[in-house]
Amino acid sequence: MLHFRRLPQVQAKTLTKAKPTYHVQVGFIALALVLLQAISAAARGAPESFADLVEDISPAVVNITTTTKVAKGVTPRGIVPEGSPFEDFFKEFQDRQGGNNAPRPTSALGSGFVISEDGYVVTNNHVIEGADEIMVEFNDGKELKASIVGTDKNIDIALLKVVADGPLAHVSFGDSDIARVGDWVMAIGNPLGQGFSVSAGIISARNRELSGAYDDYIQTDAAINRGNSGGPLFNMDGSVIGVNTAILSPNGGSIGIGFSMSANVVAPVVDQLKQFGEVRRGWLGVNIGSMTDDMATSLGMDQAQGAIVLDVFDGPAKDAGIQEMDVILSFNGQDVADSGELVRLVGKAAVGSNVKTIVLRDGKRKSVDVVLGQRPDPDQMAARDTMETQPEPSSTALLGMDLSEITDALRGDMGIGDDVVGLVVVGVDQKSVAYDKGIRDGDVITDAGQKKVENIQDLQDRVQETQEAGRESLLLLVRREGQPMFVVLPLE
């Protein structure tokens, strides 16, 4: 049950010096009406009807039908679950239909929207992926064949092109960053193949991450079903603030949790697909992690904020002087809340742009100018430079760990890479905090307190510096089988 609270009534004050004239009363009434209108405009409620908005923008929304040739005997995706006992039954049914082994067509349905009068259409990549033919149907029944301009699997976006006899009705992207939880939104699409259906609701949540590095989803309770994929999510100004992409459902139907990729993520990608036929994302050349409260405390930070650098590869960050264990606080004039936000900021920055980056190093903020490169394929990532040969090793016990400088023998026995420099853990006291924190034999400590550790003395110096700074814990960068992790150790 909803409970409403009435606003307190305001008592009118009596004027004692002069009785207001009729004109003054009218003036007060007019002023009150203006104020009421301003308040109503500032707090926009549900419209009396969505009909005018639908009439304006629906001509730009399209149904998308794809045809894919599938070899006979192959069950189309989505008909029966893979591995199901019904799969064999379905194939037997197909065989009883006769015919040869020639490929047969299958169809899939989705949605999209026109963004220019010359026929550029946006949809989801998964709607058209693998299709042999793509047809775009407009709400007046006209159908046009579409070609693929480019796709981006990272955010599940595809840009299509149709050729029409004249200019097409189209819609524009809006600023999704100013959309607020609770704002009204409207989805138009082709749910369950029903075609040009409208649903409305509110923004339920913002900045959702599902599975991708560049995710920035708007969650909505506007009904979104299979077939809505690729369709637009509109605000009340008729601007596209999201592309309907996913639903969270136990049975494939809408249960009021739909996700639309934010327009401010999609629009730059669409621009690049239109210009280059591919996406050219900015690349910093680092491996990063998010800060935790323990890590922030160990570095003397007031709160857990920013992205901490685990690795620096050959590339823009290394050329600019960014170091492992730097905490990136700001990028291109925007504060960095966590590692996910930094990935999104870098990804949408222009390749070749000079970006001012603020890092925290040794307790001080430092400004670094980085010229962004283009993000390479993972298998093209450059290997890190080989470190200089270390002096003769020594070993000692410290913080509940038995530590040794790395020797050739230890590299061979423990599988430590030739380019790794640091202290290898050769033993851990099982009663120590280090053991409780997960440190084990074979781990390699490469950094402590945001500084490189090359020998025992380096680590002892970091411990002393931390104690002198009045902090009670030390942040370590530890590598296990090449994979980095952070460990915060209290100084006993």
Those residues of the range 161-180 that are free of Cβ contacts under 8 Å to residues at least 60 places away in the same chain and closer than 27 Å to Asp237 by Cβ come to a total of 7
In this structure, is Phe259 more than 17 Å from the chain's Cα centre (by Cα), under 30 Å from Leu159 (Cα atoms), modelled with pLDDT of 85 or more and not small (Gly, Ala, Ser)? no
So Val265 clears everything in (1) touching a strand residue (DSSP E or B) at 6+ places or on another chain (Cβ under 8 Å); (2) buried (at least 20 other Cβ atoms within 10 Å of the Cβ); (3) in contact (Cβ under 8 Å) with a residue 60 or more places away in the chain except one condition, right? Which one? (1)
Picking from Leu310, Leu329, Leu342, the residue that is within 14 Å of Asp369 (Cα to Cα) and not charged (D, E, K, R) would be Leu329
Please work out which one of (1) modelled with pLDDT under 90; (2) small (Gly, Ala, Ser); (3) assigned to a strand (DSSP E or B) is the condition Ser84 fails and give its number. (3)
Apart from one, (1) outside the structural domain of Ala108 (by TED's automatic domain parsing); (2) on the phi > 0 side of the Ramachandran plot all hold for Ile188; the odd one out is (2)
Return a yes/no flag: does the range 311-320 have any residue that is outside the structural domain of Val181 (by TED's automatic domain parsing), at pLDDT below 90, among the small types (Gly, Ala, Ser) and out of contact with any Gly (no Cβ under 8 Å at 6 or more places or on another chain). no
Can you find a residue that is free of Cβ contacts under 8 Å to residues at least 12 places away in the same chain, touching an Asp or Glu at 6+ places or on another chain (Cβ under 8 Å) and more than 15 Å from Met261 (Cα to Cα) anywhere in the range 132-139? no
Could you count how many residues in the range 365-407 are assigned to a loop (DSSP other than H, G, I, E, B), modelled with pLDDT of 65 or more and either within 28 Å of Gly300 (Cβ to Cβ) or in contact with a Phe, Trp or Tyr (Cβ under 8 Å, 6 or more places away or on another chain) (or both)? 5
From the list Val463, Val488, which residue is in contact (Cβ under 8 Å) with a residue 60 or more places away in the chain and in contact with a helix residue (DSSP H, G or I) (Cβ under 8 Å, 6 or more places away or on another chain)? Val488
If you go through Gly230, Gly182, the only one that is under 28 Å from Trp283 (Cα atoms), outside any strand (DSSP E or B) and of a type in the set (Gly, Ala, Ser) is Gly230
Check off (1) among the β-branched types (Val, Ile, Thr); (2) assigned to a loop (DSSP other than H, G, I, E, B); (3) within 14 Å of Ile241 (Cα to Cα) for Ile203 and give me the number that stays unchecked. (2)
Got a sec? Which of Asn228, Asn235, Asn207 is outside the structural domain of Asn63 (by TED's automatic domain parsing), polar (S, T, N, Q) and within 17 Å of Gly110 (Cβ to Cβ)? Asn228
Looking at the range 282-307, which of the residues that are closer than 15 Å to Val351 by Cβ and part of a loop (DSSP other than H, G, I, E, B) is farthest from the chain's Cα centre (by Cα)? Gly285
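Yes/no per residue for (1) out of contact with any Phe, Trp or Tyr (no Cβ under 9 Å at 6 or more places or on another chain); (2) touching a residue at least 60 places away in the same chain (Cβ under 8 Å); (3) on the phi < 0 side of the Ramachandran plot; (4) outside the structural domain of Val312 (by TED's automatic domain parsing):
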{"site": "Arg411", "(1), (2), (3), (4)": "yes, no, yes, yes"}
{"site": "Asp418", "(1), (2), (3), (4)": "yes, no, yes, yes"}
{"site": "Val433", "(1), (2), (3), (4)": "yes, no, yes, yes"}
{"site": "Gly442", "(1), (2), (3), (4)": "yes, no, no, yes"}
{"site": "Gly470", "(1), (2), (3), (4)": "yes, no, no, yes"}
{"site": "Leu475", "(1), (2), (3), (4)": "no, yes, yes, yes"}
Have a look at Leu310, Leu342 and point out the one that is surrounded by 18 or more Cβ atoms within 10 Å (Cβ to Cβ), touching a residue at least 12 places away in the same chain (Cβ under 8 Å) and part of a strand (DSSP E or B). Leu310
Evaluate the range 263-281: report whether one residue or more is in the same structural domain as Asn225 (by TED's automatic domain parsing), within 26 Å of Leu233 (Cβ to Cβ) and part of a strand (DSSP E or B). no
Within the range 117-159, which residues are part of a loop (DSSP other than H, G, I, E, B) and surrounded by 16 or more Cβ atoms within 10 Å (Cβ to Cβ)? Gly119, Asn124, Ala131, Phe138, Asn154, Ile155, Asp156
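The values are calculated or read from the model by the stated rules, or taken from the named source; none is laboratory data. The model shown is predicted, which means the values in this text are computed figures rather than measured ones. A quick note on method: Cβ atoms are made from the backbone with ideal geometry, for glycine too, and the neighbour counts reach across all protein chains shown.
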